[in-house]
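The values are calculated or read from the model by the stated rules, or taken from the named source; none is laboratory data. Quick caveat: nothing in here was measured; it's all calculated off a predicted structure. Glycine also receives a Cβ, built like all others from the backbone with ideal geometry; neighbour counts cover every protein chain displayed. The accessibility values were calculated without ligands, DNA or RNA, using every heavy atom of the protein model including side chains. Shrake-Rupley method; radii C 1.70, N 1.55, O 1.52, S 1.80 Å.
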Amino acid sequence: MRIFDTLSFTWQALTFAKLRTSLMLLAMSIGVASVIVLTALGEGARLYVVDQFSSMGSNLLIVLPGRSETTGGANPSAFIGETPRDLTLDDAQAIKRIPSVKHLAPIVVGAAPISYAGLEREVPVFGSSQDMQHVIKMSVAQGQFLPETTFHSATPVCVIGATVKKELFKNARAIGQWLRIGDRRFRVIGVLASEGQSLGMDMDESVIIPVISAQTVFNSPSLFRILITTEDRDTLDKTKTKVLNLIKKRHQGEEDITVIRQDAILATFDNILKTLTMAVAGIAAISLAVAGILIMNVMLISVSQRTAEIGLFKAVGASPTLIKNLFMTEAIFLSLLGAFCGVIIGYLGTLGISQTFPDIQFITPWWAHISAVVVAVLTGVIFGILPAKRAAKLDPVEALYKR
Amino acid sequence: MNETQIQLDNITRTYQVGEEKVHALDNVNLRIEAGDYLSIMGPSGSGKSTLLNVIGLLDRPDTGNYFLNDTAVTSLTEEQQAKIRQQTIGFIFQSFHLVPRLTAAENIELPMLLAGIAPTERKQRVEKVLHNTGLSDRANHRPDQLSGGQRQRVAIARATIMQPQILLADEPTGNLDRKSGEEIIEVLETLNTQGISLLIVTHDPELGRRASREIKMIDGKIQSELHNKQSP
């Protein structure tokens, strides 16, 4: 039988049994569509997180006090109770002198009440330097960011987040106003552009003041973090070693800090979310298998309904192989068509979700499209074999004389 | 005209019906020459249809030898038998067995479609046959839009479109009224005069007498054979 004839014959058989065909198509397209939509969700979440991280710059090093290692046991220090040595502004100053360091922002964080004209609000207060703007990519909507000064100059100025501005000043001008943070007064010199959440830190809700001022407000000489960016990614590891050595020297030979490459965290998250996406795709693939079983069922019914037809085919000289091929073609045709519909439905679904959540970019990864279609066709083949074989083996005499 | 086309030697075919073994064919010997016209008669369950199906390679005998054009066909594989069936044998059934979703023309075309004959040739041959059988104006009708006689004419056209040597008809007039039945038999007899071997299974004694060889079967055995004078 010619290929074109086989195809058009199959098409005729499928369009004749409209209900049967559309049910099978529906099952298959739901399977494929769910793979596409679910992977789009997973991939969207991954891209969102990756994007959030990269907004902080990928050539970022994070220095934090303390060392991840196991202490205790018979060591006497376990009884004394050893706390990590603080990171200080002097440490930050020393690190800034390393040539490969481009920007360095010491970070102090705390919560403090801020008040203006009788309105009070408890917000996160960051102490940092001008470099913070470059390290965590932030843009200023009005005024300016912290001025370029030494870490030790306690200029009484602050930059406020968009929400803080709205809450305290409403529509009035904020720049130049004096605001009370804890028991000190700061002049507002800038308002941050609204950027939404950045990895759990809502900069819209916070206030940024010079690092030394924050240390005074919170009455603590230690730093929460030191954020460093380098010229490029290649110098990250070199800089990391230099920072570790430098602090070791400054802390009497004790390596009591941890330096993390930000892109290492990124890679971890990336991996976790990729795995999640795969897992979700796997779950969706189960619905493909279910669709396959449905196709098998309906094909089996179809074979028994078309017994007489199959008997006749044999009588007019169709070989068992030819009959098997005809039914296999039907199964593959169905699953291909189902996969095609599924891709379209999945695409529309993804589009719908994207419209609903415009912040997150939902894109189905290319492998999901291909694997969904491949799996759909494979299911068609696998679950088509049994009915096709049954049709081919049918005894023509029984088939023709059955009433 | 006198070479042996079909030779059955000691053909036996048994069915298991519940506990019982039924001898549908019991040691049947039969020789048919090219162009012969046989009627096979007998009561229900006498093995008439089984004989037809064995000759048509739809059923396999349990024992015995079957030579078709000097080929021992019983030992062939199913695929090889299908090929022979396609090229040498045409079937006509009591219940027509037309494919309901296909038009008359498409039903006639079906064997050629399965055989992989080129579309242009298929079209030509179908048109010719439709014209010869006077079904041209019914070409695009589905079976349920045709009368019984028309359906059987379509079935005959389908059975002969591959130009077989043997035509096997199982109660071809069983579902037809007298007039249409008569017409169908005339079509079949015309084909026989053109050289095709014709085997008709029937209950109708009048029909049986029309054949040059009239075979009576009882309990799977050929009981008698009458040679009638060919009525022109």
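The criterion of at least 1 residues that are at negative phi, modelled with pLDDT under 90 and small (Gly, Ala, Ser) is met, among helices (runs of 4 or more DSSP H) falling completely within segment A:16-102, by A:18-54, A:77-80. For segment B:148-164, state whether one or more residues are more than 22 Å from the chain's Cα centre (by Cα) and open to solvent by 60 Å² or more (accessible area, probe 1.4 Å). No, every residue in segment B:148-164 fails to be more than 22 Å from the chain's Cα centre (by Cα) and open to solvent by 60 Å² or more (accessible area, probe 1.4 Å). When you scan segment A:288-313, how many residues do you find that are facing chain B (nearest Cβ under 7 Å) and of a type outside the set (A, V, I, L, M, F, W, C)? Selection size over segment A:288-313: 1.
Of all the residues in segment A:13-38, those that are crowded, with 16+ Cβ neighbours inside 10 Å and among the basic types (Lys, Arg) number 1. Among the conditions (1) within 14 Å of another protein chain (Cβ to nearest Cβ); (2) at pLDDT below 90, A:Leu334 misses just one, which is (1). Based on what the data block shows, is A:Ile370 in the same structural domain as A:Tyr48 (by TED's automatic domain parsing), surrounded by fewer than 22 Cβ atoms within 10 Å (Cβ to Cβ), out of contact with any helix residue (DSSP H, G or I) (no Cβ under 9 Å at 6 or more places or on another chain) and at pLDDT 85 or above? Yes, satisfied. Looking at segment A:3-23, I want the residues that are within 10 Å of chain B (Cβ to nearest Cβ) and have a partner that is open to solvent by 50 Å² or more (accessible area, probe 1.4 Å) with Cβ atoms under 8 Å, at least 6 apart or on another chain. Which pairs are those? If the second residue must be open to solvent by 50 Å² or more (accessible area, probe 1.4 Å), the pairs left are A:Asp5/B:Pro119; A:Thr6/A:Asn325; A:Phe9/A:Met1.
Scanning segment A:86-130 for residues that are farther than 24 Å from A:His251 by Cα and touching a strand residue (DSSP E or B) at 6+ places or on another chain (Cβ under 8 Å) yields a count of 14.
Taking B:Gln94 as the residue in question, decide whether it is within 25 Å of B:Tyr37 (Cα to Cα), more than 10 Å from chain A (Cβ to nearest Cβ), surrounded by fewer than 21 Cβ atoms within 10 Å (Cβ to Cβ) and of a type outside the set (A, V, I, L, M). No, not satisfied. Among residues of segment B:117-139 that are part of a loop (DSSP other than H, G, I, E, B), those with a beta-carbon under 9 Å from a residue that is small (Gly, Ala, Ser) and open to solvent by less than 70 Å² (accessible area, probe 1.4 Å) at least six positions away or on a different chain give the pairs B:Thr133/B:Ala157; B:Leu135/B:Ala104; B:Leu135/B:Ala105; B:Leu135/B:Ala157; B:Ala139/B:Ala104; B:Ala139/B:Ala105. Among the residues of segment B:106-143, those that are away from chain A (no Cβ under 13 Å) and of a type in the set (Gly, Ala, Ser) comprise B:Gly134, B:Ser136, B:Ala139. Within segment B:61-90, if we keep just the residues that are more than 10 Å from chain A (Cβ to nearest Cβ) and out of contact with any strand residue (DSSP E or B) (no Cβ under 7 Å at 6 or more places or on another chain), the residue that is surrounded by the most Cβ atoms within 10 Å (Cβ to Cβ) turns out to be B:Leu76. Look at B:Ser180 and say whether it is crowded, with 23+ Cβ neighbours inside 10 Å and among the small types (Gly, Ala, Ser). No. Note on segment B:13-53: among residues that are of a type in the set (Val, Ile, Thr) and under 12 Å from B:Val201 (Cβ atoms), the one that is farthest from the other protein chains (Cβ to nearest Cβ) is B:Ile40. If I filter segment A:150-199 down to residues being among the polar types (S, T, N, Q) and surrounded by fewer than 15 Cβ atoms within 10 Å (Cβ to Cβ), which single residue comes out as modelled with the lowest pLDDT? So, considering only residues that are among the polar types (S, T, N, Q) and surrounded by fewer than 15 Cβ atoms within 10 Å (Cβ to Cβ), the one modelled with the lowest pLDDT is A:Gln197.
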